[in-house]
């Protein structure tokens, strides 16, 4: 299995390459990608340096152009595809049907991957993208159980990539309007979820309140650790019970599943976190490189080491990790 | 402007479902979408029983469309979708690209559901060329983007019926996790269809009591009820050809009548507050957060 790693900027890309990434993925500095955050991502110049740096060291570069253009933005998405193709990147990570069609016609020589934002969760959906756009790899939404991933590997017309580590989307990616409903900022069209400009921390007698576009997302007592207020990870009230009604602040970590994923024929494992730091990328990629190498050497003897798990927990939301939907009880 | 009744998003008993659709026969809805779109474990009606219900509604003059499951993962779910696509009788609403592929392979016309994420003319044209005859814009699309899109589509000769989700709690997201089973502390595999206890979903509020979302099994809906009738004239001018109303347990007949009357110019009153169990919202259409409501709506 190949290790696909996040690069939010050039220093992160260098860290990922240095720590053993087989491929890095990045986005341009606008709403054409799903991590459209202030100060993040690449312009033409830094992207050129990034491609040169990675290619000189035998590491592939993928560009995520994985949001959905509305008519007013269409040319920006076309330009992003053209720019990426001219940079000589190894693959485009795309979601929108129009953008996939454009890339397949205009730059047939550049590999196309289906973004997780494309929401393909079954073999017929994958066939649709293979038949119509020659898509060679799909990133699977974080909603499939391990058994379903294994089954899909058997039936899939293309290579499959799964999320291994990082922030956990609870909803099917590409189909979640919770942020748009609450803040007006949408992952699909603006590449933003629960954006920082909508967040407000307020000290009150009841503790620290965190609000997203004025909606109370959570309240923390003294000494309670407060994570970033993603709309799906707050504490809400249902039938008089107040709890994390959708999901707790936790990160996905599938180190324990590596032999099963490799055995199923999964082609690549992806680490989430372009919005994180150089230190995050360096640590996460080192752990995963070591784990993948260990698993490849001897899958039957492979066990996730305590120090790997501790290092990843330290990088996680709420210092917690979960197997997420891979593990049936989570569902 | 035609009116459609969207697929039932809640897990009602067989009796409640039969009573609900029996009432719709006389209602002025032109199109009725049938079938289970949220969770394959909800089986108050078997696929063949939905077909039988469809025949009754078709005999009463409704156009019947069968809707496919939105999140298709298990092999058994895919088989159900395959059978539904090949029903040989009714038009099908495709709610994921797997269903689109199955229908296109068979050369069958289809309706493209809102979860297909069709945000631009290139995407519309691509599915039009593969058999799509009607489509639903993404639920978050603003009037400005919808106007751009329909205008550009007209100029490009991509002519399709456009159906907008106009009334009801908005299906905002779906997950592998069942939030209703989790709320009552049951594993999903032994859920005993506990969601049947909540015929309009489980309200989820902020800690200040502000209604935010509605838990409906693996689906998360808006806490507020979207209501776009006040924009009826504007929607027609934009090129929307059908307004969709989403089933709710009570008073839907009154809501349908009001939509029909206002769209026909027989009434000016767009107010539905007496017939909904939550505040109304219209933010998405106005390019605002979806939960927002226009001051004079």
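The values are calculated or read from the model by the stated rules, or taken from the named source; none is laboratory data. Small disclaimer: the values here were computed from a predicted structure and weren't measured. Neighbour counts are summed over all protein chains in view; Cβ atoms, including those assigned to glycine, are modelled from backbone coordinates with ideal geometry.
Tell me which residues, restricted to the stretch B:58-67, are on the phi < 0 side of the Ramachandran plot, part of a loop (DSSP other than H, G, I, E, B) and surrounded by fewer than 16 Cβ atoms within 10 Å (Cβ to Cβ). If you could, list the steps in order and put the result at the bottom.
Start the filter on the stretch B:58-67 by keeping residues that are on the phi < 0 side of the Ramachandran plot, which leaves B:58-60, B:62-67.
Right, trim to part of a loop (DSSP other than H, G, I, E, B) and you get B:60, B:62.
Hit for the stretch B:58-67 is B:60, nothing else.
Would you tally the residues in the stretch A:286-331 being buried (at least 17 other Cβ atoms within 10 Å of the Cβ) and either within 14 Å of chain B (Cβ to nearest Cβ) or not in a helix (DSSP H, G or I) (or both)?
12
Counting just the residues of the stretch B:272-297 that are in contact (Cβ under 8 Å) with a residue 12 or more places away in the chain and farther than 30 Å from residue A:190 by Cβ, which one comes out nearest to the other protein chains (Cβ to nearest Cβ)?
Among them, the one singled out is B:277.
Can you work out which of the residues in the stretch A:158-172 that are within 11 Å of chain B (Cβ to nearest Cβ) and modelled with pLDDT of 95 or more is nearest to residue B:70 (Cα to Cα)?
Going residue by residue through the stretch A:158-172, those that are within 11 Å of chain B (Cβ to nearest Cβ) are A:168-172.
Of the ones still in play, those that are also modelled with pLDDT of 95 or more are A:171-172.
Details: A:171: 12, A:172: 10 Å.
Here the residue is A:172.
Criterion first (part of a loop (DSSP other than H, G, I, E, B) and at pLDDT 95 or above) does residue B:247 satisfy it? Steps first, please.
Values: part of a loop (DSSP other than H, G, I, E, B): yes; at pLDDT 95 or above: yes.
Judged against the criteria, residue B:247 is a match.
So, residue A:224, is that one outside the structural domain of residue A:321 (by TED's automatic domain parsing), out of contact with any helix residue (DSSP H, G or I) (no Cβ under 8 Å at 6 or more places or on another chain) and free of Cβ contacts under 8 Å to residues at least 12 places away in the same chain or not?
Numbers: outside the structural domain of residue A:321 (by TED's automatic domain parsing): yes; out of contact with any helix residue (DSSP H, G or I) (no Cβ under 8 Å at 6 or more places or on another chain): yes; free of Cβ contacts under 8 Å to residues at least 12 places away in the same chain: no.
In short, no.
So residue A:273 fits all but one of (1) in the same structural domain as residue A:140 (by TED's automatic domain parsing); (2) on the phi < 0 side of the Ramachandran plot; (3) buried (at least 18 other Cβ atoms within 10 Å of the Cβ); what number is the exception?
(2)
Pairs please, first residue from the stretch A:41-60 and at positive phi, second anywhere and surrounded by fewer than 21 Cβ atoms within 10 Å (Cβ to Cβ), Cβ atoms under 8 Å, 6+ apart in sequence or on different chains.
Taking only residues 6 or more apart or on different chains, the pairs are A:41/A:9; A:41/A:29; A:41/A:30.
Does residue A:67 qualify as being touching a strand residue (DSSP E or B) at 6+ places or on another chain (Cβ under 7 Å) and within 14 Å of chain B (Cβ to nearest Cβ)? I'd like the intermediate steps shown before the answer.
Numbers: touching a strand residue (DSSP E or B) at 6+ places or on another chain (Cβ under 7 Å): no; within 14 Å of chain B (Cβ to nearest Cβ): yes.
Criteria not met by residue A:67.
What are the residues in the stretch B:259-292 that are surrounded by fewer than 21 Cβ atoms within 10 Å (Cβ to Cβ) and outside any loop (DSSP other than H, G, I, E, B), if any?
Of everything in the stretch B:259-292, those that are surrounded by fewer than 21 Cβ atoms within 10 Å (Cβ to Cβ) and outside any loop (DSSP other than H, G, I, E, B) turn out to be B:260, B:261, B:262, B:263, B:273, B:274, B:275, B:280.
Starting from residues that are within 11 Å of chain B (Cβ to nearest Cβ) and either more than 15 Å from the chain's Cα centre (by Cα) or in contact (Cβ under 8 Å) with a residue 60 or more places away in the chain (or both), keep the ones in the stretch A:136-151 and report whichever is nearest to residue A:63 (Cα to Cα).
Within the stretch A:136-151, the match that is nearest to residue A:63 (Cα to Cα) is A:142.
For residue A:189, indicate whether it is closer than 21 Å to residue B:205 by Cα, touching a helix residue (DSSP H, G or I) at 6+ places or on another chain (Cβ under 9 Å) and part of a helix (DSSP H, G or I).
Details: closer than 21 Å to residue B:205 by Cα: no; touching a helix residue (DSSP H, G or I) at 6+ places or on another chain (Cβ under 9 Å): yes; part of a helix (DSSP H, G or I): yes.
No: the conditions fail for residue A:189.
Could we say that residue B:54 is touching a strand residue (DSSP E or B) at 6+ places or on another chain (Cβ under 8 Å) and either touching a residue at least 24 places away in the same chain (Cβ under 8 Å) or on the phi < 0 side of the Ramachandran plot (or both) here? Explain how you work it out, then say what you get.
On the way: touching a strand residue (DSSP E or B) at 6+ places or on another chain (Cβ under 8 Å): yes; either touching a residue at least 24 places away in the same chain (Cβ under 8 Å) or on the phi < 0 side of the Ramachandran plot (or both): yes.
Taking the combined requirement at face value, the residue satisfies it.
May I ask you to say which residue of A:119, A:123 is facing another protein chain (nearest Cβ under 9 Å), in contact with a helix residue (DSSP H, G or I) (Cβ under 7 Å, 6 or more places away or on another chain) and farther than 23 Å from residue A:24 by Cβ?
Values: A:119 fails: in contact with a helix residue (DSSP H, G or I) (Cβ under 7 Å, 6 or more places away or on another chain).
None of the other options fit; the residue is A:123.
Sort out which residues of the stretch B:151-176 are at the interface with another protein chain (Cβ under 7 Å from one of its Cβ atoms) and surrounded by fewer than 20 Cβ atoms within 10 Å (Cβ to Cβ), and write them in order of number.
The answer is B:152, and nothing else.
Being farther than 28 Å from residue A:145 by Cα, more than 10 Å from chain A (Cβ to nearest Cβ) and assigned to a loop (DSSP other than H, G, I, E, B) is the filter here, so list the residues in the stretch B:210-233 that pass it.
B:228
Does the stretch A:14-29 hold any residues that are surrounded by fewer than 22 Cβ atoms within 10 Å (Cβ to Cβ), touching a residue at least 60 places away in the same chain (Cβ under 8 Å) and in a loop (DSSP other than H, G, I, E, B), and which are they?
Within the stretch A:14-29, A:20, A:22 qualify.
Restricting to the stretch B:181-209, and then to whatever is in contact (Cβ under 8 Å) with a residue 12 or more places away in the chain and in a loop (DSSP other than H, G, I, E, B), can you tell me which residue is surrounded by the most Cβ atoms within 10 Å (Cβ to Cβ)? Walk me through it before giving the result.
Looking only at the stretch B:181-209, we keep the residues that are in contact (Cβ under 8 Å) with a residue 12 or more places away in the chain, and these are B:181, B:183, B:191, B:193-196, B:198-205.
The next check asks that each one be in a loop (DSSP other than H, G, I, E, B); those that pass are B:191, B:193, B:198-201.
Details: B:191: 18, B:193: 15, B:198: 18, B:199: 14, B:200: 19, B:201: 26.
By that ranking, first place goes to B:201.
Out of the residues in the stretch A:102-116 that are surrounded by 20 or more Cβ atoms within 10 Å (Cβ to Cβ) and touching a helix residue (DSSP H, G or I) at 6+ places or on another chain (Cβ under 9 Å), which is nearest to residue A:72 (Cα to Cα)?
Filtering the stretch A:102-116 down to residues surrounded by 20 or more Cβ atoms within 10 Å (Cβ to Cβ) leaves A:102-103, A:112-116.
Those left that are additionally touching a helix residue (DSSP H, G or I) at 6+ places or on another chain (Cβ under 9 Å): A:102-103, A:112, A:114.
Values: A:102: 16, A:103: 19, A:112: 24, A:114: 23 Å.
Going through the qualifying residues, I end up with A:102.
Take the residues in the stretch A:90-101 that are in contact with a strand residue (DSSP E or B) (Cβ under 9 Å, 6 or more places away or on another chain) and surrounded by fewer than 24 Cβ atoms within 10 Å (Cβ to Cβ); name whichever of them is nearest to the other protein chains (Cβ to nearest Cβ). Please lay out each step first, then the result.
Our first condition is that a residue be in contact with a strand residue (DSSP E or B) (Cβ under 9 Å, 6 or more places away or on another chain); within the stretch A:90-101, this holds for A:90-96, A:99-100.
Filter once more, keeping what is surrounded by fewer than 24 Cβ atoms within 10 Å (Cβ to Cβ): A:90-91.
Values: A:90: 24, A:91: 20 Å.
The selected residue is A:91.
Working only within the stretch A:29-64, note down all residues that are touching a helix residue (DSSP H, G or I) at 6+ places or on another chain (Cβ under 8 Å), more than 14 Å from every other protein chain (Cβ to nearest Cβ) and farther than 16 Å from residue A:5 by Cα.
Once the filter is applied, which keeps residues that are touching a helix residue (DSSP H, G or I) at 6+ places or on another chain (Cβ under 8 Å), more than 14 Å from every other protein chain (Cβ to nearest Cβ) and farther than 16 Å from residue A:5 by Cα, the stretch A:29-64 yields A:30, A:36, A:37, A:38, A:44, A:46, A:48, A:49.
Take the conditions buried (at least 18 other Cβ atoms within 10 Å of the Cβ), within 14 Å of another protein chain (Cβ to nearest Cβ) and not in a helix (DSSP H, G or I) and apply them to residue B:45. Does it pass? Let's see the steps before the verdict.
Numbers: buried (at least 18 other Cβ atoms within 10 Å of the Cβ): yes; within 14 Å of another protein chain (Cβ to nearest Cβ): no; not in a helix (DSSP H, G or I): yes.
Against the criterion (buried (at least 18 other Cβ atoms within 10 Å of the Cβ), within 14 Å of another protein chain (Cβ to nearest Cβ) and not in a helix (DSSP H, G or I)), residue B:45 does not qualify.
Report yes if some residue within the stretch B:171-178 is farther than 30 Å from residue A:248 by Cα and either at pLDDT 95 or above or assigned to a strand (DSSP E or B) (or both); otherwise report no.
Restricting attention to the stretch B:171-178, the residues satisfying the condition of being farther than 30 Å from residue A:248 by Cα are none.
No, because not a single residue in the stretch B:171-178 is farther than 30 Å from residue A:248 by Cα and either at pLDDT 95 or above or assigned to a strand (DSSP E or B) (or both).
Taking the stretch A:200-246 as the search range and keeping residues that are within 11 Å of chain B (Cβ to nearest Cβ) and out of contact with any strand residue (DSSP E or B) (no Cβ under 9 Å at 6 or more places or on another chain), which one is surrounded by the fewest Cβ atoms within 10 Å (Cβ to Cβ)?
A:240
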